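Read through the structure below, which is laid out as structure tokens, and then see the notes.
The values are calculated or read from the model by the stated rules, or taken from the named source; none is laboratory data. In this text the structure is predicted, and so the values were computed from the model without any measurement. Cβ atoms come from the backbone with ideal geometry, glycine included; neighbour counts cover every protein chain shown.
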Amino acid sequence: MSHTLPRILLAVFGGYACAAVGVAAVGAAVPGSGEAMLLAVLLAFPLWVALVIWVFAARDVRRVAAVMAGVCAVSALAIFALPAGAGAG
């Protein structure tokens, strides 16, 4: 059984999801700083590339999927835990 297709799907969609949620978390956490938000957006692509490399370098794709899901969940909880308008300032 080939493990290539799950790795491709996890790398493309899981890596994008983690990078996008991470940028949203930084945007929600940093109060009104356009430079910080720009830096977060610029770092999203290298983060995505690093996650893609990690997905294909790891021995166990299930562990990678679990870690990526955990990071996305913690980032999403951080977004929703902040009060409304915390990033505006």
(message) Out of the residues in segment 21-42 meeting the condition of being surrounded by 15 or more Cβ atoms within 10 Å (Cβ to Cβ), assigned to a helix (DSSP H, G or I) and not small (G, A, S), tell me which one is farthest from the chain's Cα centre (by Cα).
(response) M37
(request) Search segment 1-20 for residues being out of contact with any helix residue (DSSP H, G or I) (no Cβ under 8 Å at 6 or more places or on another chain) and assigned to a loop (DSSP other than H, G, I, E, B), and hand back the single one that is modelled with the highest pLDDT. (result) S2
(request) Just name the residue that is farthest from T4 (Cα to Cα) out of those in segment 47-68 that are of a type in the set (G, A, S) and in contact with a helix residue (DSSP H, G or I) (Cβ under 8 Å, 6 or more places away or on another chain). (result) A65
